[in-house]
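Chemist: Can you read through this structure? Questions will come right after.
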Amino acid sequence: MSTTLIRGGRIVDPSQNIDRVGNLFLRNDRIEGIDTGATVADHVIDAAGMIVCPGLIDLHVSLREPGDEKDETIESGTAAALAGGMTSVACMPDTSPVVDNRAAAEFVQLQCARAGYCNVFPLGAVTKNHDGQELAEIGQLVEGGAVGFTDAKSPVANAEIMRRALEYTRMFGRPIFNHPQVPELTAKGIMHEGYYSMLLGLRGIPAGAEVIMVARDIALAEMTGGHIHLMTLSTAGAVDQIRRAKAKGLRVTSEVTPHHLALTDAALQNYETNFKVDPPLRTKEHIDALIEGLRDGTIDVISSDHQPFAEEKKQNELDSAPAGVVGLETLLPICIKTLIETGHLTWSKLIAKLTINPATILGIQKGTLKSGHDADITIIDPVTSWRIDPSKFKSKGRNTPFAGWEVKGRAHTVIVAGRVRHHA
Amino acid sequence: MTTATVSVSGVRWTKKHLLGLEELSADEISLILDQAAEFKRLAAVGETKLAALKGTVVANLFFEPSTRTRTSFSLAAKRLSADTVDFTASSSSLSKGETFYDTAQNIEAMGVDQVVVRHSTSGAPHLLSKLLKASVLNAGDGTHEHPTQGLLDIFTIREHRQKLAGLTVALVGDILHSRVARSNIWGLKKLGARVIVCGPSTLIPAHVERLGVEVSNNLDEILGECDCINLLRIQFERQRSAFFPSIREYAHFFGMNGERIRRAKSDVLILAPGPINRGVEITPEVADGPHSVILDQVTNGLVIRMACLYLLHNRRQEESP
C-alpha cells in the first residue's frame, strides 16, 4: 500500500469540467479522488503554482524500433515522452518490419515494458507492409493490443482499400488514422507550394493535396460509418471540410502539431532540413484557420508527430533528408507559447486536446482524473523559462526546429501508475 | 603575367560567397560585369594567363552532371593560375554512401580556398557556405539560382546594348524549373530592365509576378516588344509529370523559329543558356542566325567566372592578416 497526496495545485481535468485549486489523492496505481479530505500520505508533493492534470497522451509518435534504432529506441523514445510530460503514447507502425501482424504489436509492448517508462499503445498497419494493396490482419492486431490503424506517412491512396478498412475496423470499434495527402500531388515535394517555394526553387506541395484527401476520407467515413482520424492537418481547406463533417455528426476526428502552429514556410529560407516536415509548414492564413479549428473543436487533438532521425540522415541536402522533426520534449512549451500566451485557448481547452480527447479517439481508459482510473498524472510548471537545447534531449533525435528558443513551461513531475517517473 | 584590378567608384566587393543574384546589389553586379570586361580586354591583347590566384586551390564540386559550366569554371581558375581539383558525383565517394557534408569537409581539409558547387538540390551551396571556411560559388542549385549564368547573360546583353535600363527582356519557356530564370530575373530587375516571363501556364510558377516581372502565355503577343529573348531549356529531367502535351505543341507556341524572328524587332538579341534542344525551344536557323548571341554567351561565361573567382579571392586576402 502506498499513497500520494498532490497538494495545492490547480487541478485541470476537462473530462470532468474541473479547473480549481485542490488536492489530488492517489492510492497505489489508482486515483482515489480530488479533495478527499486526506491530509497525510506516504508521499506528499507540493504543487502550489503548478497545474495538475491527467497524464498527457500523444497519439502520434514514431519510436523507430524495431529497425531504425539509430534514430530512436522504444527506451529512448519513451524516456523523451516522460520528459515532455506524456504518460502514454500511441506509436506508429512504420517500423522495419512494419507492425502489420500480431507478433510485431506484442514486441512493441514487450520492449515498452522492459524500458518501464511510459505507456505505449501500438497502432497497427492498415495494409500489409504499408503497401496500400491488401489489408493487414487487423483483427489479429487488435488481439495483440493495437488500438488503431494507420499506414503512417503513406496515405491510403486507394479509395477502395480505405473503404474496406473503415468498414472492417468498425466491427472492432477502432479508428483509421490517415495521412491525408494525395500522393500524386506531393511527390518529391519539399515545402508548401506558394511564394517561398517559387522564390527558393524548392518543389512545392500544394494545399489542395490535403484538402482533396480529407474530402475523400470524409465521404468514405459517411459511406461506411467508420471512424476516420485525420492526422497532422496543415490547411485551412481541411479544417473547413472537417468542421462541416462534424456538424453532420460523422465520425471524423483530427489533430495538428505544434510546429504547424508555430512556424511558416518562410522558415525554409535558410534551407535547413529541420524545417522539412510532412505535411509542410504553411502560411499565416493556414495557421489562423488551424487555430480557429482548435478553438471551435474542429481539431480534437494536438500531437507531436515525433519523427526522430539520426543526425547523419538529417544533416543532408533538402532533397535527400527525410521529412520530420522530434516533438515529444517541446510539445508542451510550444503549445503554451502559441496557444496559451496568445490567449487562443484556455488551459482547460489545451489540456483536453492532450488528455481526454486523444484517450477517447484511442479508446483507452486514460486522460481523466476520475476516481478509480489509472494514476497517470502530469504536473506542469507553467511559468519557468528555459531554453530549448537539443543536446539535453532524452530522445536520440536532435532534429528540432526550435533549438535555441526561449520558452515557458514544462513538465515538472510526471507520475505513471502512481509512481513518480520524471521530475524536472 | 599581369594582375588586373578594377574599381567601380565607391564599390568594394565584401561578400565571402557568391550564392545568388538575389542578395547582390546593382553596384555589386556591375562590379562583376566591369571586372569581367577588364579580363576580356586583357585577353584580347594576349594577356590570357594571369597570376592573381597563384598558390590557391579551387575545387569544382559537381554533384550533378555538367560539362559546360564545370569546364568554364575550371578554365577560369586556370587562367588565374589557381590549382584546380574536380570532384564529380560519380567519381567521389558519394556513391559509396558518404554524405554531402562529409564530402565537402574532406575536400576542405585538403586546403581548398574556393569551392564551386553544382547540386541538384536547391540550397545545397547555402548549407555548404555555413559549414566551410572556404568561399562557396554557386554553379547552379536545383531550381533556385545559377548566378554566373545570369551574370553572363546580362554581360552579353550589356556588351551589345551598353546598358540594361530601359530594355525589355523576355525569358521564355520553363520558368518553374529554371534556376537560370531566377538569376536572370534578379539581375535584370536590379539593373533596371523590364522582364517578361513567357511560357505555358503549367511552367510559370504562381506568385512569380511578386518578383517584379510581367507574365505572358503568348509569345506572339509580346514578340514585338522584346529587345532580348532568352530561350530557356525545357528541363525534361526535372519535371514531375507532363507539363505540356507534346514537344510539337510546345514548339508551335513557344519555339523560336525564322518566322517569329521576322516578326520580332530587327535588332532583337536571341540568347539561350544551353545546352539547347534544337527544334524545341529554337530552330537551327535561329540558333545559328545573325540575331543569336549564343556563342558569345559561352565566351563571356569564362570571363564572368574569372571575375567571380577573382573578387572572392581578393576579399579573402583582405580578411587574412
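The values are calculated or read from the model by the stated rules, or taken from the named source; none is laboratory data. In this text the structure is predicted, and so the values were computed from the model without any measurement. No Cβ is skipped: glycine too gets one built from the backbone with ideal geometry, and neighbour counts run over all protein chains shown. Side chains are part of the model used for accessible areas, which takes the heavy atoms of the whole protein and leaves out ligands, DNA and RNA. Shrake-Rupley method; radii C 1.70, N 1.55, O 1.52, S 1.80 Å.
Chemist: Do the conditions hold for A:K314, that is, is it basic (K, R) and touching a helix residue (DSSP H, G or I) at 6+ places or on another chain (Cβ under 6 Å)? Before you say what the answer is, go through the steps one by one.
Modeler: Working: basic (K, R): yes; touching a helix residue (DSSP H, G or I) at 6+ places or on another chain (Cβ under 6 Å): yes.
So A:K314 fits the description; yes.
Chemist: Give the residues of segment B:295-308 that are in contact with a Gly (Cβ under 9 Å, 6 or more places away or on another chain) and open to solvent by 20 Å² or more (accessible area, probe 1.4 Å), sorted by residue number.
Modeler: B:V298, the sole residue that qualifies.
Chemist: So B:R263 clears everything in (1) over 24 Å from B:P65 (Cβ atoms); (2) crowded, with 16+ Cβ neighbours inside 10 Å; (3) of a type in the set (D, E, K, R) except one condition, right? Which one?
Modeler: Going through (1) over 24 Å from B:P65 (Cβ atoms); (2) crowded, with 16+ Cβ neighbours inside 10 Å; (3) of a type in the set (D, E, K, R) one by one, B:R263 breaks only (2).
Chemist: If you go through segment A:301-322 one residue at a time, do you hit one that is closer than 27 Å to A:P382 by Cβ and among the aromatic types (F, W, Y)?
Modeler: No, because not a single residue in segment A:301-322 is closer than 27 Å to A:P382 by Cβ and among the aromatic types (F, W, Y).
Chemist: Checking the condition touching a helix residue (DSSP H, G or I) at 6+ places or on another chain (Cβ under 8 Å) and modelled with pLDDT under 95, which residue from B:L131, B:L152 passes? Walk me through how you get there before you give the answer.
Modeler: Details: B:L152 fails: modelled with pLDDT under 95.
Answer to the selection: B:L131.
Chemist: Take residues that are open to solvent by 10 Å² or more (accessible area, probe 1.4 Å) and either touching a residue at least 12 places away in the same chain (Cβ under 8 Å) or out of contact with any Asp or Glu (no Cβ under 7 Å at 6 or more places or on another chain) (or both) and tell me which of the helices (runs of 4 or more DSSP H) falling wholly in segment A:281-364 contain 3 or more.
Modeler: On the way: elements: A:284-295, A:311-314, A:331-335, A:347-352, A:356-362.
Filter on segment A:281-364 gives A:284-295, A:311-314, A:347-352, A:356-362.
Chemist: If I filter segment A:149-169 for residues that are among the small types (G, A, S) and more than 24 Å from A:T186 (Cα to Cα), do I get at least one hit? Talk me through it step by step, then tell me what you get.
Modeler: To start, the set of residues in segment A:149-169 that are among the small types (G, A, S) comprises A:152, A:154, A:157, A:159, A:165.
Right, trim to more than 24 Å from A:T186 (Cα to Cα) and you get none.
Within segment A:149-169, none of the residues are among the small types (G, A, S) and more than 24 Å from A:T186 (Cα to Cα).
Chemist: Starting from residues that are of a type in the set (G, A, S) and either assigned to a loop (DSSP other than H, G, I, E, B) or within 14 Å of A:D151 (Cβ to Cβ) (or both), keep the ones in segment A:91-121 and report whichever is most open to solvent (accessible area, probe 1.4 Å).
Modeler: Filtering segment A:91-121 for residues of a type in the set (G, A, S) gives A:96, A:103-105, A:113, A:115-116.
Applying the additional criterion that residues be either assigned to a loop (DSSP other than H, G, I, E, B) or within 14 Å of A:D151 (Cβ to Cβ) (or both) yields A:96, A:116.
Details: A:S96: 65, A:G116: 28 Å².
Among those that are of a type in the set (G, A, S) and either assigned to a loop (DSSP other than H, G, I, E, B) or within 14 Å of A:D151 (Cβ to Cβ) (or both), it is A:S96.
Chemist: Separate question: Checking B:P245 against (1) open to solvent by 60 Å² or more (accessible area, probe 1.4 Å); (2) within 14 Å of chain A (Cβ to nearest Cβ); (3) of a type outside the set (K, R), only one condition comes out false. Which one?
Modeler: Just one mismatch for B:P245, condition (2).
Chemist: Check A:D71, A:D46, A:D29 and return the single one that is buried (at least 18 other Cβ atoms within 10 Å of the Cβ) and among the acidic types (D, E).
Modeler: Numbers: A:D46 fails: buried (at least 18 other Cβ atoms within 10 Å of the Cβ); A:D29 fails: buried (at least 18 other Cβ atoms within 10 Å of the Cβ).
From the options A:D71, A:D46, A:D29, the qualifying one is A:D71.
Chemist: In the list A:S348, A:S371, A:S391, which residue meets the criterion of being within 20 Å of the chain's Cα centre (by Cα) and either under 18 Å from A:L82 (Cα atoms) or more than 14 Å from every other protein chain (Cβ to nearest Cβ) (or both)? Can you show your working first?
Modeler: Numbers: A:S371 fails: within 20 Å of the chain's Cα centre (by Cα); A:S391 fails: within 20 Å of the chain's Cα centre (by Cα).
Residue meeting the stated conditions: A:S348.
Chemist: For segment A:172-191, how many residues are in a loop (DSSP other than H, G, I, E, B) and at pLDDT 95 or above? Step through it out loud before you land on a result.
Modeler: First, pick out the residues of segment A:172-191 that are in a loop (DSSP other than H, G, I, E, B): A:172-175, A:179-182, A:187-190.
From what's left, at pLDDT 95 or above: A:172-175, A:179-182, A:189-190.
Final tally of qualifying residues: 10.
Chemist: State whether one or more residues within segment B:168-178 are over 18 Å from B:E281 (Cβ atoms) and either surrounded by 22 or more Cβ atoms within 10 Å (Cβ to Cβ) or in the same structural domain as B:I282 (by TED's automatic domain parsing) (or both).
Modeler: Here is the first cut: in segment B:168-178, the residues over 18 Å from B:E281 (Cβ atoms) are B:168.
Applying the additional criterion that residues be either surrounded by 22 or more Cβ atoms within 10 Å (Cβ to Cβ) or in the same structural domain as B:I282 (by TED's automatic domain parsing) (or both) yields B:168.
Yes, there is a match, as at least one residue in segment B:168-178 is over 18 Å from B:E281 (Cβ atoms) and either surrounded by 22 or more Cβ atoms within 10 Å (Cβ to Cβ) or in the same structural domain as B:I282 (by TED's automatic domain parsing) (or both).
Chemist: Just to be sure, is B:K40 in contact (Cβ under 8 Å) with a residue 12 or more places away in the chain and not assigned by TED's automatic domain parsing to the domain that holds B:S122?
Modeler: So B:K40 fails the test.
Chemist: Somewhere in segment A:189-211, is a residue under 20 Å from the mean Cα position of the chain (by Cα), closer than 25 Å to B:H207 by Cβ and away from chain B (no Cβ under 12 Å)?
Modeler: Step one: of segment A:189-211, the residues under 20 Å from the mean Cα position of the chain (by Cα) are A:210.
Now restrict to residues that are closer than 25 Å to B:H207 by Cβ: A:210.
In the following step, the residues that additionally are away from chain B (no Cβ under 12 Å) were identified as A:210.
Yes, segment A:189-211 contains a residue that is under 20 Å from the mean Cα position of the chain (by Cα), closer than 25 Å to B:H207 by Cβ and away from chain B (no Cβ under 12 Å).
Chemist: Something else about it: Being away from chain A (no Cβ under 14 Å) and open to solvent by 60 Å² or more (accessible area, probe 1.4 Å) is the requirement here; does B:E237 meet it? Give the derivation first.
Modeler: Numbers: away from chain A (no Cβ under 14 Å): no; open to solvent by 60 Å² or more (accessible area, probe 1.4 Å): yes.
No.
Chemist: Which of the helices (runs of 4 or more DSSP H) found entirely inside segment B:178-290 contain at least 2 residues meeting this: among the acidic types (D, E)?
Modeler: Numbers: elements: B:179-190, B:219-222, B:247-254, B:258-263, B:284-287.
Result: B:219-222.
Chemist: Among (1) under 23 Å from A:L5 (Cβ atoms); (2) in contact with a Leu (Cβ under 9 Å, 6 or more places away or on another chain); (3) not assigned by TED's automatic domain parsing to the domain that holds A:P175, which single condition is A:G409 missing?
Modeler: The number of the failed condition is (1).
Chemist: Right, something else. Of all residues being within 14 Å of chain B (Cβ to nearest Cβ) and of a type in the set (K, R) in segment A:284-325, which is farthest from A:T346 (Cα to Cα)? Just the residue, please.
Modeler: That would be A:K313.
Chemist: Then there is this: Testing A:G139 on (1) outside any loop (DSSP other than H, G, I, E, B); (2) within 21 Å of the chain's Cα centre (by Cα); (3) more than 17 Å from A:D58 (Cβ to Cβ), one condition comes back false. Which one is that?
Modeler: Unmet for A:G139, out of (1) outside any loop (DSSP other than H, G, I, E, B); (2) within 21 Å of the chain's Cα centre (by Cα); (3) more than 17 Å from A:D58 (Cβ to Cβ): (2).
Residue by residue, here is whether (1) of a type in the set (S, T, Y); (2) modelled with pLDDT of 95 or more; (3) closer than 26 Å to B:N60 by Cα holds:
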residue: B:R260; (1), (2), (3): no, yes, no
residue: B:P284; (1), (2), (3): no, no, no
residue: B:A287; (1), (2), (3): no, no, no
residue: B:P290; (1), (2), (3): no, yes, no
residue: B:L295; (1), (2), (3): no, no, yes
residue: B:L302; (1), (2), (3): no, yes, yes
residue: B:P321; (1), (2), (3): no, no, no
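Chemist: Identify, please: which residue in segment B:113-149 is within 12 Å of chain A (Cβ to nearest Cβ) and of a type in the set (A, V, I, L, M, F, W, C) and is, among those, nearest to B:I204 (Cα to Cα)?
Modeler: It comes out as B:A124.
Chemist: Check whether at least one residue in segment B:148-171 is closer than 24 Å to B:T67 by Cα, acidic (D, E), within 11 Å of the chain's Cα centre (by Cα) and not in a helix (DSSP H, G or I), and report yes or no.
Modeler: At the first step, the residues of segment B:148-171 found to be closer than 24 Å to B:T67 by Cα are B:148-157, B:171.
Retained after the next criterion (residues that are acidic (D, E)): B:153.
This time we only want the ones that are within 11 Å of the chain's Cα centre (by Cα), so: B:153.
When the remaining residues are screened for being not in a helix (DSSP H, G or I), the result is none.
No, segment B:148-171 contains no residue that is closer than 24 Å to B:T67 by Cα, acidic (D, E), within 11 Å of the chain's Cα centre (by Cα) and not in a helix (DSSP H, G or I).
Chemist: Here's a follow-up. What strands (runs of 3 or more DSSP E), lying completely within segment B:32-143, carry at least 2 residues that are open to solvent by 40 Å² or more (accessible area, probe 1.4 Å)?
Modeler: Answer list for segment B:32-143: B:83-88.
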